[in-house]
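Here's the structure, in structure tokens; my notes come after.
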Amino acid sequence: MKTTIRLAVASALVAAASSANAGIVIPAGDWTLDIGGVVNAYYTSTRFSGDDSAAGEYGNGDSVANITTGLLPNYLSVSGKTRQNDLDVGFTISINPGASTKNAGIQGANQENRQAFLTFGDKSWGSIKLGKDLGIYASDAILNDMTLLGVGSAAGSLAGNTTTLGRIGTGFMYADWKSQVAYSSPNWNGFSFTAGVTQAWNALAVTGPYSTATSYDAGSSRRGGNSPAFEAKASYEWAGDVSGKVWVSGISQRVKGLNYNGSDLGSDRATAYDIGATVNVAGFGLTGYYGKGDGIGQTVQLLQGFDYTGKSRDSDQWYIQGTYTIPGVGTKLGASYGRSTLDGNSVDFYDEKKDSMWTIGAYHPVTKHLNLVAEYSQAKYEVDSAAGYPAAFDTEVKAKTVSLGAILFF
């Protein structure tokens with residue numbers, strides 16, 4: 001029996017325990033209902049260093065402690081499946097309540113609804129999904145990231161939100177949660193693919209050539225994005241003494257209505273592709289990933305993807321990760337490093353923006369559902385000024401985070 005959250009956190013469940021666990025299964029007439037989810041919380045301590053002007057809310061030498069959720073939000077998911085008229089029919093609906101607050105007397109408005117979709121199909125020809133679920137492009141990058149069970153970056157700045165960032169923006173781009181119509185093929189001896197049309201994202205309107213190291217290009221309004229995006233991925237997975245998976249994915253979206261101070265800059269296309277692989281043998285795991293984009297941005301899709309003249313910016317992301325599971329104990333030890341870069345154009349004050357992070361972590365299964373987590377992450381945010389601009393435009397900020405907590409799957 002698949003877990004109700006398998007589509008969203010399949011790799012997290014594999015990392016959390018030696019075998020996947022079913023949720024709470026309830027027969028209900030023609031239907032089988034499955035209730036499952038995630039609860040997690042972490043104590044985090046973050047210390048900042050570097051340029052005060054680029055550190056946002058915190059300056060050089062500042063530190064902050066929070067109790068917050070990690071990269072995964074708290075999750076409650078209800079799914080159902082049935083077989084009708086030679087079709088496998090199913091649905092999933094989830095809610096994601098925030099579990100972190102920073103304001104006295106305010107118990108919190110942070111609430112997400114990440115999944116609401118239906119599926120129908122048959123194992124002979126595949127399945128069709130309609131509704132909101134994890135995006136297709138870059139989904140395998142996040143599902144194979146070890147910080148999915150932990151905190152990663154932004155614990156100091158995103159407390160009070162529903163999640164931290166993990167390695168998003170420091171090794172891969174956020175796949176996000178998208179309304180979509182998608183087709184998934186059957187599994188042909190380990191090979192499968194998914195292709196779909198997804199809701200277009202808007203590009204951030206840019207009001208000028210300058211922005212600080214830690215903020216996105218200025219502008220409060222958003223334009224464009226009213227053409228659908230097209231996404232696809234393909235993968236091959238194998239089992240045995242040496243098991244693993246390789247995958248590729250891509251996205252393409254026409255962005256309309258780019259503008260600067262009311263001037264129409266026309267339209268352009270944002271595109272990206274990635275490739276990744278993970279291999280496991282004798283308790284050791286190795287994952288490598290690379291992605292490249294044009295107009296797609298660096299962290300969140302289409303944010304900072306275009307300059308104020310409407311020209312697209314190039315970006316790339318990569319990370320490498322190694323893990324080892326201690327025999328007989330089950331504790332997984334891991335280390336990873338990744339970097340995301342955004343290239344400036346001739347009109348930008350910067351030559352390159354570089355966000356990187358290395359993480360070491362320990363993930364111990366107390367039971368098949370409960371895991372204790374300890375992580376240390378050091379994120380670095382750098383801006384290299386373009387030729388002709390003063391050295392003061394060069395900035396560097398570091399955020400060092402220790403996190404201790406637990407995550408429960410049910």
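The values are calculated or read from the model by the stated rules, or taken from the named source; none is laboratory data. Please read all numbers here as calculations on a predicted model, not as lab measurements. All Cβ positions, even for glycine, are placed from backbone atoms using ideal geometry, and neighbour counts span all protein chains on display.
For region 78-92, enumerate the residues that are aliphatic (A, V, I, L, M) and surrounded by 18 or more Cβ atoms within 10 Å (Cβ to Cβ). The answer is V78, and nothing else.
Annotation note: of Y290, Y273, the sole residue that is within 22 Å of N345 (Cβ to Cβ), among the aromatic types (F, W, Y), within 26 Å of the chain's Cα centre (by Cα) and not in a loop (DSSP other than H, G, I, E, B) is Y273. Exactly one residue out of L134, L158, L165 is out of contact with any Lys or Arg (no Cβ under 7 Å at 6 or more places or on another chain) and either within 29 Å of A239 (Cα to Cα) or surrounded by fewer than 16 Cβ atoms within 10 Å (Cβ to Cβ) (or both), and it is L134.
Total residues in region 363-392 satisfying the condition of being touching an Asp or Glu at 6+ places or on another chain (Cβ under 8 Å) and hydrophobic (A, V, I, L, M, F, W, C): the figure is 4.
In summary, T69 fulfils each of the numbered conditions (1) surrounded by fewer than 18 Cβ atoms within 10 Å (Cβ to Cβ); (2) of a type in the set (V, I, T); (3) modelled with pLDDT of 90 or more with the single exception of condition (1). Residues that are part of a strand (DSSP E or B) and either in contact with a helix residue (DSSP H, G or I) (Cβ under 6 Å, 6 or more places away or on another chain) or crowded, with 17+ Cβ neighbours inside 10 Å (or both) within region 50-66 comprise G50, V64, N66, listed in sequence order. If we scan region 377-389, do we find a residue that is under 24 Å from A99 (Cβ atoms), within 18 Å of the chain's Cα centre (by Cα) and crowded, with 16+ Cβ neighbours inside 10 Å? Looking for residues that are under 24 Å from A99 (Cβ atoms), within 18 Å of the chain's Cα centre (by Cα) and crowded, with 16+ Cβ neighbours inside 10 Å, one finds at least one in region 377-389, hence yes. For beta carbons closer than 7 Å, sequence separation of 6+ or different chains, a first residue in region 111-122 that is buried (at least 17 other Cβ atoms within 10 Å of the Cβ) and a second that is small (G, A, S) and in a strand (DSSP E or B), the qualifying pairs are R114/S94; Q115/S77; Q115/S94; F117/G131; T119/G90; T119/S127; G121/S127.
Residues satisfying the criterion are present in region 269-284 (criterion: in contact with a strand residue (DSSP E or B) (Cβ under 9 Å, 6 or more places away or on another chain) and at pLDDT below 95).
If you filter region 102-144 down to residues that are assigned to a loop (DSSP other than H, G, I, E, B) and of a type in the set (F, W, Y), you find that the one that is nearest to A229 (Cα to Cα) is Y137.
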